[in-house]
Amino acid sequence: MAYNILIVDDSKSMRKVIRKIIGLSGFKVGEYWEAENGQEALTLLKENWVDLILSDFHMPVMNGLELLRHLKQDESLRDVPVVFITTESNENRLQELLTLGARGCIRKPFHPEEIRAYLAKIMGESDEAGMAVSDEECDF
Amino acid sequence: MKPEWLSAMKSAISEVLETMFFIAVEFDHTANSSSTPCSYQSSIDLVSQRQGVRITMRFTAPFARALSSNFLSKDERKVPEEELQDVIKELTNMIGGVFKGHIDNGSLVWSLGIPLCEVPSPLSADQEAFLTVHFNGTYAGDAILEVISRVDR
């Protein structure tokens, strides 16, 4: 099964890096969507289905916490897994995200293996299933 | 300026550069005596109930290009200017986040701002703390830490 993934981060270069890591790790991806902030992500989600959201926390316009609150209030979106990739380290804030329903938090800076392992765990895939190498090209 | 904050800065810069940029740097506290100016600068603010701190990162063009090349796994000659600036901003963002993690001690709640790109400015005499960053023995830039606001109680 190929997953559609939404990457939400106000840094274009970080979105590229995350996308590249996912592509090279063998995770099966159907479509990638990108948004600069929570508001853009919500607009995108009105028209497109995603299986996983990877989001930053600190973003202008609408931050990751507000995005998560909106998602959980929407019956059609509340079950989409959300994983935060963030510089936020405050335990209370991270716990607030988990309490609201985030599936996990990956702290920046991160090793590529952290993303791969986390996504495999959340999406229920394992190395033994033999993930296919994606067609994601190395050239950005 | 707490002495341990300078140590926290070094630790934060090293952790971010080594983890996501695959670069190890050295630090000292002497002003840049090389002729290479800094061409890129980004800053980020941390604010608590009592004070605000600004982290400013300044880099030479060759080092900035090396950073962006490593981060994006891309030939540095193929990194557009806009993308390079975004990389520097994100680097500053991550350094700010790791630094915040080091200085968070529970008594003060720190909030991290949004990183900004700026026109590089020379070091000023009243900047409380700075580190000179070197890569492979060559001047690469500066890390500046300054208190931007203080609440008297």
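The values are calculated or read from the model by the stated rules, or taken from the named source; none is laboratory data. All values derive from a computational prediction rather than experimental measurement. So basically every Cβ, Gly included, is an ideal-geometry build from the backbone, and we count neighbours across all protein chains shown. Keep in mind that these areas ignore ligands, DNA and RNA; they rest on the heavy atoms of the full protein, side chains included. Shrake-Rupley method; radii C 1.70, N 1.55, O 1.52, S 1.80 Å.
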Plugging the Cβ-Cβ distance of B:Ser11 and B:Glu118 into 1/(1 + (r/R0)^6) at R0 = 30 Å yields, to the nearest 0.05, a FRET efficiency of 0.80
How much space per residue, in cubic angstrom, does the convex hull of the C-alpha atoms of the range B:1-96 take up?
107
Given +1 on the Cβ of Lys and Arg, -1 on the Cβ of Asp and Glu, and no further charges, what dipole in debye does chain B carry about its Cα centre, rounded to the nearest 20?
180
Please compute the length gained on full extension between B:Ala61 and B:Asp104, using 0.36 nm multiplied by the number of residues separating them and subtracting their Cα-Cα distance.
12.2 nm
How many partner chain Cβ atoms sit within 10 Å of a residue's Cβ in peptide A:108-116, on average, as a whole number?
3
Ranked from highest to lowest mean number of other Cβ atoms within 10 Å per residue, what is the order of the peptides A:81-90, B:21-30, A:95-104, A:20-29?
A:81-90, A:20-29, A:95-104, B:21-30
P(r) weight above 12 Å for the range B:23-76, C-alpha pairs, percent:
75
Per-residue average of other protein chain Cβ atoms inside 10 Å, peptide B:82-92 -> 4
If you restrict to DSSP beta bridges whose two residues both lie in the protein assembly as shown, what percentage is antiparallel, to the nearest 5?
65
Write down the radius of gyration of the protein assembly as shown and its Dmax, each obtained from C-alpha positions, in Å.
19.6, 61
Let me cross-check A:Cys105: its accessible surface, 1.4 Å probe, with only protein heavy atoms counted, in Å² to the nearest 10?
40
Here the convex hull volume per residue of the range B:23-146, taken over Cα atoms and given in Å³, is 113
Taking the alpha-carbon centroid of each part, what is the distance from the range A:74-90 to the range B:40-110 in angstrom?
24
Rounded to a whole number, the mean other protein chain Cβ count within 10 angstrom for residues of B:102-110 is 1
State the percent of C-alpha pairs, over all pairs in the range A:69-118, separated by a distance greater than 18 angstrom.
36
Given the convex hull of the Cα atoms of the range A:46-130, what is a quarter of its surface area in nm²?
6.5
